[in-house]
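Novice: One structure is given below, represented as structure tokens, and several questions about it will come after.
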Amino acid sequence: MERTLSQNEAKVVLNLEWRKQKTVTLAELREALGASESYARKLAHGLVKKGWFERLRPGLFQLVPADRGREGVADTNPLAAGAALVSPYFYSFGTVCTHHGFTEQVFSEAYLACLVQRRPETIRDKRYVFVHVSEARFFGFEETPVLGHPVQMATPERALLDAIDRPRFAGGISEVSRIALRAASKISWDTLLGLARKWDSSALAQRLGYFMDLHDVVLPDDTRASLLELVRQQSKIQLGSRRKWGTSGKLVRPWNVVENVPRDVLISKDEKSRRRVMFAMRGHGR
């Protein structure tokens, strides 16, 4: 059915188009129209019915712009829909590790870093998980076009650090081990070290260094030395969750990581049969 617009509906749609605003709340509609909540709801319902709005959740609508044609084909990009749910934000963890080719796993959930505590939401059968990040660590992302829609996305280096920091949002410790191996030759180590210094977490540097040694990834001497400088003296950590894996295991130096996760979990059979040595070049790829 061809889309039509009343005078007030046209006012709303054109205003959103001119401002390049892709989503609108019920409160914003009320303010723009200078109308009551009941009228704003009625107008929004009409725009949904006519194919100009898509309802993402109660009180939040996504514009189906004019360039979507007379019949108004909705945008099915799941990352574009998630971007409308919280601000500021950036996608990271397993979602971005898949995007950058660090893992072949396709996650049923989309992971967004944000500054607030929020419960997961399901939009268009996609579950969005909001991971709280402190303001001091809200960095390492950039606008990236995905299926023609710009979204805020972690850089490859930030996505790797996020996966190592919180494995439960990247497929678990076994998948993070494989992510670290695949990412080693694709990232800029200078960029990663800059982020790690700003992050200021000895445990993060320890786990990263452990994974590089586990997979026989050979880093330039100065890169390895810089990573070791981020490890605090006397800091000893468990590799995996103590609740799941316990606290005992071999102490792996120089990273002072207690290997409380069995190596069979961390290294696949294919990797065991052919030990890999990779020379990660500084500044590679960025």
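The values are calculated or read from the model by the stated rules, or taken from the named source; none is laboratory data. Computed from a prediction, not measured in an experiment: that's the story for all the values here. Glycine gets a Cβ as well: all are built from the backbone with ideal geometry, and neighbour counts include every protein chain shown.
Novice: For ALA184, state whether it is more than 15 Å from the chain's Cα centre (by Cα), crowded, with 17+ Cβ neighbours inside 10 Å and in the same structural domain as VAL231 (by TED's automatic domain parsing).
Specialist: yes
Novice: Something else now. Restricting to segment 217-265, and then to whatever is of a type in the set (S, T, N, Q) and surrounded by fewer than 16 Cβ atoms within 10 Å (Cβ to Cβ), can you tell me which residue is nearest to the chain's Cα centre (by Cα)?
Specialist: Going through the qualifying residues, I end up with SER241.
Novice: With respect to ARG119, determine if the residue is closer than 30 Å to LEU63 by Cα and in contact with a strand residue (DSSP E or B) (Cβ under 9 Å, 6 or more places away or on another chain).
Specialist: Judged against the criteria, ARG119 is a match.
Novice: For ALA136, work out the one condition from (1) without any contact (Cβ under 8 Å) to a residue 60 or more places away in the chain; (2) more than 24 Å from LEU195 (Cα to Cα); (3) not in a strand (DSSP E or B) it doesn't fulfil.
Specialist: (2)
Novice: Scan the helices (runs of 4 or more DSSP H) fully inside segment 144-205 and keep the ones with 1 or more residues being under 30 Å from LYS22 (Cβ atoms), at pLDDT 95 or above and among the aliphatic types (A, V, I, L, M).
Specialist: The qualifying helices (runs of 4 or more DSSP H) are 156-165, 189-199.
Novice: Taking segment 121-133, which residues are modelled with pLDDT of 95 or more and in a loop (DSSP other than H, G, I, E, B)?
Specialist: VAL133
Novice: Mind listing just one residue for me: the one in segment 1-60 that is touching a residue at least 40 places away in the same chain (Cβ under 8 Å) and of a type in the set (A, V, I, L, M, F, W, C) and, of those, farthest from ASN77 (Cα to Cα)?
Specialist: Per the criteria, the residue is LEU5.
Novice: Let me ask another. Would you mind telling me which numbered condition in (1) within 12 Å of the chain's Cα centre (by Cα); (2) more than 20 Å from TRP189 (Cβ to Cβ); (3) surrounded by fewer than 17 Cβ atoms within 10 Å (Cβ to Cβ) GLU135 fails?
Specialist: (1)
Novice: Checking the structure you have, find out if any residue of segment 4-23 is polar (S, T, N, Q) and closer than 19 Å to VAL86 by Cβ.
Specialist: Looking for residues that are polar (S, T, N, Q) and closer than 19 Å to VAL86 by Cβ, one finds at least one in segment 4-23, hence yes.
Novice: Right, ASP216: within 28 Å of SER268 (Cα to Cα) and among the acidic types (Asp, Glu) or not?
Specialist: yes
Novice: Looking at (1) under 23 Å from ARG168 (Cα atoms); (2) at pLDDT below 85; (3) of a type outside the set (Phe, Trp, Tyr), find the lone condition where ALA74 falls short.
Specialist: Failed condition: (1).
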